[in-house]
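The values are calculated or read from the model by the stated rules, or taken from the named source; none is laboratory data. This is a predicted model, so every value here is computed, not measured. With ideal geometry, Cβ positions are generated from the backbone for all residues, glycine too; neighbour counts draw on all protein chains shown.
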Amino acid sequence: MISLIRRLIHSKIGLGIAFLLVALAAVAFAAGDITGSGGGLGNFTGGSGTVAKVGGDAVTAADLQGRTQMVFDRNRQQQPQLEMTSFLAQGGAENVLDQLIQGLAVTEFARDGGMAASKRLIDGQIASIPAFHDASGKFSDQLYHELLRRQNITDAALRQDMSRDVFTRHVLAPVAMGSRISRDMTLPYASLLLEARQGRIAVIPSKLFMSNEEPNPQELTAFYNRNADRFTVPEQRQLRYVLVDKARFERAAAPTEAEITRYYNENKANYAAREERTLAQLIVPTQAAADAIAAKVKGGTSLAQAAKGAGLAVATLDKLSERQYAERSSAAVAKSVFATPQGQLAPIAKSPLGWHVVEVTGVSATPARTLAAVRPEIVTTLQQQKAAEAMADFLAKAEDQIAEGTTFEEFAKDAALPIKATPFILRNGTTVEQENYQAPPELRPMLDPAFSMEADDEPQMVTIAPDQLYALLDVTDIKPAAPPPLQKVRDVIIQQFKLERAAGRARTAADQLVAKMNKGVEFAKALAETGLKVPPPQPLGGKRADIARGGQQVPPPLALLFSMAEGSTKRLEAPNDQGYFVVRLDKIQRGDAGGQAGLVNAVQQEMSRVTGNEYAEQFARAVEQHVGVKRNASAIAEVKQRLRGGSAAQ
C-alpha cells in the first residue's frame with residue numbers, strides 16, 4: 001500500500017510512462033498528433049539486436065530505442081529541463097521495455113486463448129481516427145497512406161500495434177474493473193496530503209573551496225577516465241540527401257487545351273450564373289397565424305415587430321441559393337421566395353416544417369463565367385493537380401527502386417538530382433568539427449529519422465514540407481559517442497577536476513555542519529561557526545498537496561524535507577559538483593481530512609484506480625511468466641548508451 005501513496009504524490013519520470021500503452025501509435029493518432037515530428041512507428045520496425053525475447057516474439061534494440069526516445073520527448077514537453085541522462089537514471093528505458101514486453105506477452109497469451117483482432121475491427125478503428133478524415137469528415141484512404149508515409153510508418157506496423165492494443169485492453173481491463181478502496185483505508189492518505197512541513201535550508205557552494213593547485217598528470221588522467229561519460233561527445237552522423245521539390249513537376253505539368261475544356265465542362269455548375277438571397281423568415285404552425293402576421297407587415301409593421309407581438313422571433317438566413325433554401329424548406333417554398341423581388345414579402349407557402357412567412361432582404365446575383373474568364377484559374381488548379389500526381393508517382397517509384405536494390409548514387413544520377421552532404425553532425429544539427437557550420441533549413445526535419453536509422457538501413461524518403469518538398473536521406477557514416485582525446489579538452493578537464501575537488505571539501509564542511517546540529521547547536525549558530533561566507537539559513541516548507549499538484553517537478557531539497565523525521569538534519573548534494581544543501585526539518589503539522597469529504601472521495605477514487613492498475617499489472621506479470629521472458633542486459637545497456645550519447649547535446 002505504501003507504493004500506492006507514493007504513486008499518488010510522486011512522479012518518477014513524468015506522466016508519459018504512467019499512461020504509456022503498448023499501442024503508442026494508436027494513442028498518438030487519436031490525440032491528433034500524427035503530423036508531429038519524430039517518433040513514427042517506422043523507426044521501430046527494424047534494426048539489429050534483441051533486447052528481450054517474449055515467448056516466440058522479440059523486442060529489438062530499435063524498438064526500445066525508438067520508443068524510449070518518443071516517451072522522453074513527450075516528457076520533455078512537460079519538463080523542458082529534463083535530460084536524457086536523468087530520464088534513464090530514473091528507469092525510463094526499463095519502464096518502456098516493460099510496456100513493450102507486456103504488450104507482446106499479453107498478445108501471445110490472448111491468441112493462445114483463442115482471441116483474435118479481425119481485420120474488420122482494426123479497419124473500423126483506423127477509420128474512426130480523425131487525422132485520417134478529409135474535409136467532408138469521411139475517411140480518406142489517400143490521406144491515410146500519405147500521413148503514414150510522412151511519418152515513415154507502414155500500414156502493417158500500425159495494424160500490429162493496434163492489434164496489440166486491442167488484446168491488452170480486452171485482457172487487462174476486466175482485471176482492473178471493480179476495485180474499490182474503503183474510506184477508512186483512504187482517510188490516512190488523504191490526511192497525508194494536508195500535512196504541512198516547515199524547515200530551513202543552507203547552501204555550501206563548492207566555489208568557496210576552489211584553489212589554484214594544479215593536478216598532476218596521473219590525477220588528471222584518472223579523473224578523466226573515471227568521468228568519461230560526463231565528457232562524452234554524443235553520437236555523430238554524416239548524412240547525404242537529394243531534395244525532391246514539387247517545383248520540378250510543376251514545370252512539366254502544364255495542362256493541354258483539351259484538359260482545360262474538359263475540366264470546365266465537368267464543373268460547369270461552378271461557373272454558371274447564380275443568385276443568392278438573404279432572407280428574414282418566420283415559421284408558424286397555421287395558415288391563419290401566417291396570414292395575420294403577413295397582414296401586419298403589409299400594413300407597415302416590420303416583420304420583426306409583428307413576430308415579437310406574437311411571441312416569436314425572426315431567423316436570418318444569409319446568402320442562400322435556391323437549392324440550398326429548398327433543402328431547408330421545400331421546393332415550392334423556395335420557388336415562391338426566389339420569385340419575390342427584394343424588399344417584399346413572399347406569398348405564404350407551406351413546407352413540412354409549417355407555414356413560411358419570408359421577407360427577401362437581399363439579392364446577390366453572380367453572372368455566368370465563360371471559359372476564357374476562368375481559364376487562368378483552371379490552369380492553376382490542373383497544374384497543381386498534375387504536379388501533385390506526378391510527384392506522388394515519383395516518390396512511390398523511388399521507394400520501390402530503393403527497395404529493389406537501386407543504390408543512392410544510382411537513384412540520384414537517374415533522377416538528375418544533386419547530392420548534398422553534411423559533415424559529422426550531432427542529433428541537434430550542430431557539429432563539433434566546423435565551428436562556423438550552419439545547417440541548411442531543410443536538414444531539421446531529417447534529424448530524427450537520420451538518428452533513428454541503423455548503419456545498414458536503406459535510404460529513407462523524408463517529408464521536409466508536406467506536399468511540397470521531400471528528401472531521400474542516407475546515413476553514410478556513424479561515429480559512436482566517445483570522449484574526445486584528453487589533450488583536446490585538457491583545460492576544461494582541469495577546471496572540472498578542481499571543481500570536483502572543491503565539492504569534496506564542501507561535502508566535508510556540510511558533514512561537519514550536520515554533526516554540530518545533531519549535537520544540539522542551533523542552525524544559524526552552527527553555520528556561523530563554520531566561518532564560511534554564506535547567507536544565513538532560509539525558510540523552506542509547504543503542504544504536501546501543493547508540492548504534488550499537477551505533476552510538477554519538486555525541487556530536491558523540498559522533496560527531502562518531506563521524507564525526513566521531525567527535528568532531523570540532512571545533507572543533499574547539488575547537481576554538477578556545485579556544492580551541498582543542508583536541510584533541517586523543524587516542524588510537522590499533521591493533516592486531518594476527516595471533515596473534507598470531497599478530498600477523501602477524490603483520493604479514494606484515485607487509489608481505487610491505482611489499485612485496479614496494480615491488479616492488472618500483477619496479472620500481466622503472471623502472463624509474462626506463463627509466456628516466458630528473457631532480457632538481454634548487455635543489449636539493453638547498449639541501447640541506453642546510444643540514447644545517452646545521442647541526446648546529450650539536445
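What to note about this one:
- Residue among ALA387, ALA398, ALA392 that is assigned by TED's automatic domain parsing to the domain that holds PRO459, over 22 Å from LEU282 (Cβ atoms), touching a Leu at 6+ places or on another chain (Cβ under 7 Å) and small (Gly, Ala, Ser): ALA398
- Inter-residue pairs, beta-carbon under 7 Å, first at positive phi and in the stretch 75-97, second among the β-branched types (Val, Ile, Thr), 6+ apart: GLY91/ILE13
- Annotation: GLU442 fulfils all but one of (1) part of a helix (DSSP H, G or I); (2) crowded, with 19+ Cβ neighbours inside 10 Å; the unmet one is (2).
- Residue check for PRO556: within 40 Å of the chain's Cα centre (by Cα) and closer than 18 Å to PRO205 by Cα: yes
- Conditions (1) of a type outside the set (Lys, Arg); (2) modelled with pLDDT under 90; (3) out of contact with any helix residue (DSSP H, G or I) (no Cβ under 6 Å at 6 or more places or on another chain); number of the one not met by ALA117: (3)
- Checking each residue in the stretch 231-249 for being surrounded by fewer than 18 Cβ atoms within 10 Å (Cβ to Cβ), among the hydrophobic types (A, V, I, L, M, F, W, C) and farther than 25 Å from THR85 by Cβ picks out LEU243, ALA247.
- Selected residue (criterion: modelled with the highest pLDDT) from residues of the stretch 83-108 that are under 28 Å from GLN553 (Cα atoms) and touching a Phe, Trp or Tyr at 6+ places or on another chain (Cβ under 8 Å): GLY92
- Restricting the stretch 116-165 to residues that are under 22 Å from PRO449 (Cβ atoms) and charged (D, E, K, R), the residue that is surrounded by the fewest Cβ atoms within 10 Å (Cβ to Cβ) is ASP155.
- Only one of the numbered conditions (1) hydroxyl-bearing (Ser, Thr, Tyr); (2) modelled with pLDDT of 90 or more; (3) surrounded by 15 or more Cβ atoms within 10 Å (Cβ to Cβ) is violated by THR431, and that is (2).
- Failed item in (1) in a loop (DSSP other than H, G, I, E, B); (2) at pLDDT 90 or above, with PRO484 passing the rest: (2)
- Wholly enclosed helices (runs of 4 or more DSSP H) of the stretch 488-549 bearing at least 3 residues touching a residue at least 60 places away in the same chain (Cβ under 8 Å), assigned by TED's automatic domain parsing to the domain that holds LEU572 and of a type in the set (A, V, I, L, M): 490-518
- The set of residues from the stretch 407-425 being touching a strand residue (DSSP E or B) at 6+ places or on another chain (Cβ under 6 Å) and more than 18 Å from LEU472 (Cβ to Cβ) comprises just one member, PHE424.
- Selection status of ARG444, among the basic types (Lys, Arg), touching a Phe, Trp or Tyr at 6+ places or on another chain (Cβ under 6 Å) and at pLDDT 85 or above: no
- Whichever residue in the stretch 305-345 is closer than 14 Å to TRP355 by Cα and among the β-branched types (Val, Ile, Thr) and, among such residues, is surrounded by the fewest Cβ atoms within 10 Å (Cβ to Cβ): VAL314
- Scanning the stretch 576-634 for residues that are of a type in the set (S, T, N, Q), within 30 Å of ASN518 (Cα to Cα) and in a helix (DSSP H, G or I) turns up just one, ASN576.
- Check on GLY429, of a type outside the set (Ser, Thr, Tyr), under 28 Å from ARG67 (Cβ atoms) and assigned to a loop (DSSP other than H, G, I, E, B): yes
- Index of the failed condition, GLU566 passing every other in (1) in the same structural domain as ASP511 (by TED's automatic domain parsing); (2) part of a helix (DSSP H, G or I): (2)
- All positions within the stretch 196-230 that are within 15 Å of ASP577 (Cα to Cα) and either in a strand (DSSP E or B) or in contact with a strand residue (DSSP E or B) (Cβ under 6 Å, 6 or more places away or on another chain) (or both): VAL203, ILE204, PRO205, SER206
- Residue in the stretch 588-600 that is surrounded by 13 or more Cβ atoms within 10 Å (Cβ to Cβ), under 30 Å from ALA173 (Cβ atoms) and at pLDDT below 95 present: yes
- Helices (runs of 4 or more DSSP H) contained entirely in the stretch 231-347, each with at least 2 residues that are touching a residue at least 60 places away in the same chain (Cβ under 8 Å): 247-250, 257-266, 287-298
- Search result, residues across the stretch 107-158 that are more than 28 Å from ALA173 (Cα to Cα) and either aromatic (Phe, Trp, Tyr) or outside the structural domain of ARG67 (by TED's automatic domain parsing) (or both): PHE139, TYR144
- Verdict on ALA439 being small (Gly, Ala, Ser), out of contact with any His (no Cβ under 8 Å at 6 or more places or on another chain) and modelled with pLDDT of 90 or more: no
- Residue that is nearest to ALA247 (Cα to Cα) [pool: residues in the stretch 352-405 that are among the hydroxyl-bearing types (Ser, Thr, Tyr) and not in a helix (DSSP H, G or I)]: THR370
- Within the stretch 470-486, tally of residues that are closer than 30 Å to GLU389 by Cβ and either surrounded by fewer than 19 Cβ atoms within 10 Å (Cβ to Cβ) or under 22 Å from the mean Cα position of the chain (by Cα) (or both): 0
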